[in-house]
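Have a look at the structure below, then the notes.
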Amino acid sequence: MCTNQPQFAKEMNHMKVTESMVIEKLKEVYDPELGISVYDLGLIYKILPLDDIVNIRMTLTTPGCPLHDSIISAVEHAVLSIPGVKIASVDLVWEPAWKPLMMSKEAKSVLGHK
Amino acid sequence: MLSPSSSKTPSLRLPFQYICLGLVFLVISQILMLKAGPLLLEGNIRTPYIWILSHMLIVGWASMVVMGAMYQLVPVAFLVPIFSERIGYIQFYLMTLSLLGFIAGFWFMNKSCLLVSGIFLVIGFILFIFNMGASFKKIEQWTMISKTVFSAIVYLGLTILLGLILVLQLTIGILPGSWHTPILYSHITFGMIGWFSFLIFGFSYKMVPMFSLAHDFSMKMSTYTFYLFHIGILSLVSSYWLESSVLLFSGAMFLFIAFVFFTILVGNILKHRMKRNLDKGFTFSLLSILIGLVVHSLFAVSLRFFLNNTPLSIQWMISLGYLYIMLWITLSIAGYLYKIIPFLWWTKKYSHLAGKMKVPMLKDFVSDRAVSVILTGMTISILGVASGIFLGTMSLFYISQTSLIMFTFAFVYSLFMIFKK
């Protein structure tokens, strides 16, 4: 059966953006040096979806990270790819500083921890 | 608190140019090294051919690569922009041409070519020092890392100043002849020990935690390393002018003790690491630290117990100097290049696609197994060359150097292959 594509897209655009949808996308954004997603690394401090705007507060493993621009733009691109999101705003903070404890079990396992 | 800031790194073309040219000079210098065998084995190192070779290796390879890397790393490590990218490009072209002229000057023993290219080479370095100095001026909070790297730049300045005096001395003869040896030794000490070691120390403090994902370690030992290494260098240089064997030995001991503190600090960082399995290239950079420590200890012991003018003693010191350049400086740089080049290439080719589609990880750019084989091969070959020089065994020297040339080709090839990914 043929679906009505424009109608489908319209419905998707009006779908409420949830935190779990953003998390799912952020799990696809990897730190290319470590091969771990920014979410599993514990770099994401807060996700605030407000209608078609998503605000993200995040950090990096170290100030002056060489992948600074790349990771932030990757996060923005990933969030913008969620249907219904028109603006993705990333607020980069250094307080509280990132600590290895913030990593998920999966991330620790990738790094060789049992 | 450090304020969030966007990346301040310059265009990637700038570091790439320096690094690629440095790799070309590494290959050429290793091929030319074959012809240096008889000179090195006879302890006849103060000859134009050895001067060409050493400058090709130290300036053409090592300095070019580290200067290129610094244009990338200084903004990353100290959160300041490079003062002028344009100066970086002018410096690159000026240094490339003058380095070729400088080598031609030594090759044909053409004094005017030597003088003109020597002066332009110095101008190139001065541009770099000025550019870095102006960039460092913007650092808000000076740390032991920035102080250590800045010290390296100061020693580079002193090396260049003495290098210029040596060129003027060789071509015009401006100073008393007796000053030549102390100036030459100071030039070598400031360049090899001051410039490179301080630079590797400083960037190791940033890169070792970054590549091993280490946190919550103490940097206290970096202060000891900093002051003791300065004292060691100044003591060595004073000993050349005052002809004091006590100062010479003390200097070597200070350098060794400083290096011990540096090694302990790196060991401590690694103890606090989250990444259990380290990348192979990085592991070889860490290995170079242990080799540097051994060379420093052998240097101090040699000065105390068997420094004389016998051929064996001279061969020993040449071997140690060779090991210092090849297994401390070169191996360290080579290991880090397996991290730096994939990062630069990833940033250029894939960073704008990250988040939009699946992109490769940095580890996908080089095979850890290939890196391991290449750098192990280079390390063993270098040890063979050093043994050949020390034992005066020509066959060992030639076999090892031929092997080193092959592994150097493999090294450069593996790095250039990254650009195909």
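Assorted remarks:
- Ordered by solvent-accessible area of protein heavy atoms (1.4 Å probe), largest first, the residues B:Ile90, B:Ile165 come out as B:Ile90, B:Ile165.
- On Cα atoms only, tilt of B:331-349 relative to the major axis of chain B in degrees: 40 degrees
- Distance between the modelled labels on B:Asn309 and B:Ser372, one decimal in nanometres: 5.0 nm (7 Å Cα→Cβ projection).
- Förster radius 45 Å - calculated FRET efficiency between B:Asp364 and B:Met394, Cβ distance, rounded to 0.05: 0.55
- Rounded to 0.05, the FRET efficiency of the B:Leu39 and B:Arg13 pair, given R0 = 41 Å and the Cβ-Cβ distance, is 0.60.
- Using the average count of surrounding beta-carbon atoms within 10 Å as a protection proxy, the listed peptides B:228-236, B:195-203, B:372-380 rank, highest first, as B:195-203, B:228-236, B:372-380.
- Inter-chain Cβ neighbour average for residues B:210-217, partner chain, 10 Å: 4
- J(HN,Hα) series, region B:19-27, from Karplus relation 6.51 cos²θ - 1.76 cosθ + 1.60, nearest Hz, glycine and proline x: 5, 5, 5, x, 5, 4, 5, 4, 5
- Taking every full run of DSSP H in chain A, the ones that stretch at least 15 Å from end to end by Cα along their long axis and average -1.0 or higher on the Kyte-Doolittle scale are A:68-80.
- Subtracting the Cα-Cα distance of B:Leu270 and B:Glu243 from 0.36 nm times their residue separation leaves 5.6 nm of extension gain.
- In a fully extended conformation the segment linking B:Met219 and B:Val294 would gain 24.7 nm over its present Cα-Cα distance, using 0.36 nm per residue.
- With Cα atoms, 0 to 90° folded angle of helix B:368-391 axis to chain B main axis: 10 degrees
- Gap separating the Cα centres of region B:343-409 and region B:28-45, nearest whole Å: 22 Å
- DSSP-defined antiparallel bridges as percent of all bridges, chain A, nearest 5: 55 percent
- Gap separating the Cα centres of region B:181-209 and region B:237-272, nearest whole Å: 12 Å
- Peptide B:350-362, shielding by other chains (average Cβ, 10 Å cutoff): 6
- Rounded to the nearest 20, the Cβ-based charge dipole of the protein assembly as shown about its Cα centre (Lys and Arg +1, Asp and Glu -1) stands at 340 debye.
- Accessible heavy-atom area order of A:Cys65, B:Cys113, highest first, probe of 1.4 Å: B:Cys113, A:Cys65
- Alpha-carbon centroid distance for the pair region A:60-103 / region B:86-156, whole angstrom: 37 Å
- FRET efficiency, 1/(1 + (r/R0)^6) with R0 41 Å, evaluated for B:Leu32 and B:Tyr89 via beta carbons: 0.90
The values are calculated or read from the model by the stated rules, or taken from the named source; none is laboratory data. Quick caveat, the model's predicted, so the values are computed rather than measured. Backbone-built Cβ (ideal geometry, glycine too); neighbour counts: all protein chains shown. When the accessible area is computed, the model is the full protein with side chains, heavy atoms only, and any ligands, DNA or RNA have been set aside. Shrake-Rupley method; radii C 1.70, N 1.55, O 1.52, S 1.80 Å.
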